[in-house]
Amino acid sequence: MKKLWGGRFTKSAEQWVDEFGASISFDQELVMEDIQGSIAHVTMLGKCGILPQVDVEKIKVGLENLQQKAELGELQYSIKMEDIHLNLESYLIEDVGPVGGKLHTGRSRNDQVATDMHLYLKNQTLNVIELIKELQIALIEQAEQHIETIVPGYTHLQRAQPISFAHHLMAYFWMLERDKQRFTECLKRINISPLGAGALAGTTFPIDREYSAKLLGFDGIYENSLDAVSDRDFILEFLSHSSILFMHLSRLSEEIILWSSQEFQFIELDDAFSTGSSIMPQKKNPDMAELIRGKTGRVYGNLFGLLTVLKGLPLAYNKDLQEDKEGMFDTVKTVIGSLKIFTGMIATMKVNTSVMENATKSDFSNATELADYLANKGMPFREAHEVVGKLVLTCIQKGCYLADLDMMEYKLASELFEGDIYDALQPYNAVNRRNSAGGTGFVQVQIAIEKAKKLVK
Ligand code: ARG
């Protein structure tokens with residue numbers, strides 16, 4: 001098979017060399033974007049009088065045929081044609097004849113491939129934003145059921161203060177909100193057209209880049225042709241926002257794994273999102289959460305892979321840039337799959353409210369209440385901390401909790417203690433009283449949920 005650049009060559013590469021250089025095995029993912037870009041390009045060539053309208057129409061018919069065939073999965077690609085661009089062009093010429101060879105007037109594969117990637121990533125970013133929203137909705141819906149479910153809050157993975165379980169879940173809502181903002185914000189830079197930059201220097205043909213950009217739904221064009229063909233920042237942004245998103249998903253995965261352990265038993269994952277063991281019949285494993293925690297590795301890896309590919313590249317196009325694709329496709333697929341799984345996992349998880357609440361009764365996470373109590377009555381907080389610390393020590397020595405000490409013992413520790421301390425020690429009251437903005441008090445949690453609902457409308 002003759003290559004599309006065959007003119008300058010006297011000898012063809014061997015099969016295994018072709019295989020090494022080809023990207024068709026993975027860049028066929030861009031088939032629709034590539035055809036879409038070509039239709040816009042040839043329309044522009046017609047409008048600018050660069051190609052006669054009859055030629056434009058013939059080429060367009062050929063491209064639309066290709067579109068149909070691609071949709072039906074009827075296109076067979078060849079390694080000899082290296083990549084999706086050359087494969088499609090050779091199909092086109094086969095279909096419409098030599099006039100198909102006019103499509104490539106005033107463009108290069110360098111601006112063509114960049115255009116495809118921009119189009120592809122724009123669609124995928126929009127998908128990701130929607131899927132983040134769905135996960136946020138699942139979190140809100142769980143949170144709404146558990147505003148008054150009390151659970152230990154942790155620092156250092158030691159029980160710290162009781163909190164509303166809804167408040168804990170909603171912390172992840174806000175992380176995802178920032179993720180969503182980041183993806184939305186980077187669309188500005190994704191949705192820019194490199195088309196018409198040519199190989200690197202622009203073209204002698206009187207093209208209209210703004211026009212083809214508009215046909216493709218881009219918001220604008222790259223200002224510099226060298227930058228247009230060599231920029232992959234927009235992919236890096238997508239990969240880094242995905243990495244931050246996965247850091248969040250991985251943290252929540254870790255908590256889900258802990259919570260569903262025998263030791264915690266705070267939640268139970270639905271059977272549909274768990275797996276059993278091939279040897280231990282009793283087991284129900286949080287595989288999906290573990291897998292998402294694990295997939296964080298490849299998402300970070302893809303970011304570092306591309307950062308490293310780009311470092312030290314001279315302008316403009318270099319074949320190294322072909323290495324921008326597989327990591328990007330992999331991250332897109334991983335992000336989309338994981339968000340869907342996560343949404344299902346959160347929506348169906350069962351919360352063991354009584355286990356959570358019992359946990360808050362058998363610990364010292366209400367100690368701050370006592371210190372606040374004394375501070376409210378005028379004792380400097382540092383002193384109050386000391387007094388309560390001693391009471392905790394007394395309890396530990398006696399093998400009981402703060403609510404078990406009698407009034408005598410409290411009076412001995414400080415005259416400021418009155419009978420109402422027993423109310424203050426109740427975890428429910430401790431949570432409810434933390435009514436500062438953004439705190440875990442039920443009123444605050446309710447306010448936060450209302451705000452959150454507006455953000456996902
Ligand atoms: N397959 C190539 C890539 O993905 C397309 C651009 C090729 N350009 C070139 N001058 N060899 O980067």
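Some observations on this one:
- Cα long-axis angle, helix 31-47 against the chain (0 to 90 degrees, to the nearest 10): 50 degrees
- Over 28 Å (Cα to Cα) - which of K47/K122; K283/K340; K284/K457; K350/K454; K11/K60; K340/K454 fall in this group: K284/K457; K11/K60
- Degrees between helix 53-71 axis and first principal axis of the chain (Cα, 0 to 90, nearest 10): 40 degrees
- Taken over the stretch 251-293, the alpha-carbon convex hull comes to 71 cubic angstrom per residue.
- When the chain is reduced to its Cα atoms, the Kirkwood hydrodynamic radius in Å: 26.4 Å
- Three semi-axes of the equivalent ellipsoid, the stretch 51-168, Cα gyration tensor, whole Å, largest first: 56, 15, 13
- Residues S23, S354, S260 ordered from highest to lowest accessible area at a 1.4 Å probe: S354, S260, S23.
- From helices alone, the chain scores -20000 deg cm²/dmol at 222 nm; the rule is -39500 (n - 2.57) for each run of n ≥ 4 DSSP H residues, then divide by the residue total.
- Distance between the stretch 414-457 and the stretch 260-315 - C-alpha centres, whole angstrom: 34 Å
- The residues packed around P206, meaning those with a beta-carbon under 15 Å from its beta-carbon, carry a net charge of +1 if Lys and Arg are +1 and Asp and Glu are -1.
- Packing around the peptides 208-215, 87-94, 405-412, taken as the average count of other Cβ atoms within 10 Å per residue, puts them in this order, highest first: 87-94, 208-215, 405-412.
- Gap separating the Cα centres of the stretch 174-190 and the stretch 10-64, nearest whole Å: 32 Å
- Among T440, S25, M408 the positive-end extreme of the charge dipole of the chain (Cβ point charges): S25
- Partner lysines for K411 [C-alpha distance under 26 Å; skip if fewer than 8 residues away on the same chain]: K361, K377, K390, K398
- Distribution of pairwise C-alpha distances over the stretch 303-366, 5 Å bins, in %: 3, 13, 13, 10, 9, 9, 8, 7, 8, 7, 6, 5, 3, 0
- Förster radius 22 Å - calculated FRET efficiency between E254 and K350 (Cβ-Cβ, nearest 0.05): 0.70
- Taken about its Cα centre, the stretch 299-457 carries a charge dipole of about 840 debye when Lys and Arg each add +1 at the Cβ and Asp and Glu each add -1 at the Cβ.
- Each eigenvalue of the Cα gyration tensor of the stretch 320-457, multiplied by 5 and square-rooted, gives one semi-axis; in descending order these are 46, 18, 17 Å.
- Solvent-accessible surface (1.4 Å probe) assigned to H385 amounts to roughly 100 Å².
- Rolling a 1.4 Å probe over the protein chains gives H41 an accessible area of about 0 Å².
- Spatial separation of Cα centroids for the stretch 343-387 and the stretch 67-140, in angstrom: 55 Å
- Each principal axis of the Cα cloud of the stretch 228-331 was taken in turn, and the coordinate range along them, longest first, works out to 59, 25, 19 Å.
- Full-stretch length increase - D18, T184 - with 0.36 nm per residue and alpha-carbon distance subtracted: 55.9 nm
- Highest-first arrangement of 14-21, 423-430, where packing means the average Cβ count within 10 Å: 423-430, 14-21
- The C-alpha atoms of the chain define a longest principal axis, and helix 325-348 lies at about 40 degrees to it.
The values are calculated or read from the model by the stated rules, or taken from the named source; none is laboratory data. Just so it is clear, the model here is predicted, and its values are computed rather than measured. Don't worry about glycine lacking a Cβ; one is built from the backbone with ideal geometry, like all the others, and counts go over all protein chains shown. Calculation scope for accessible area: heavy atoms of the full protein, side chains included, ligands and nucleic acids excluded. Shrake-Rupley method; radii C 1.70, N 1.55, O 1.52, S 1.80 Å.
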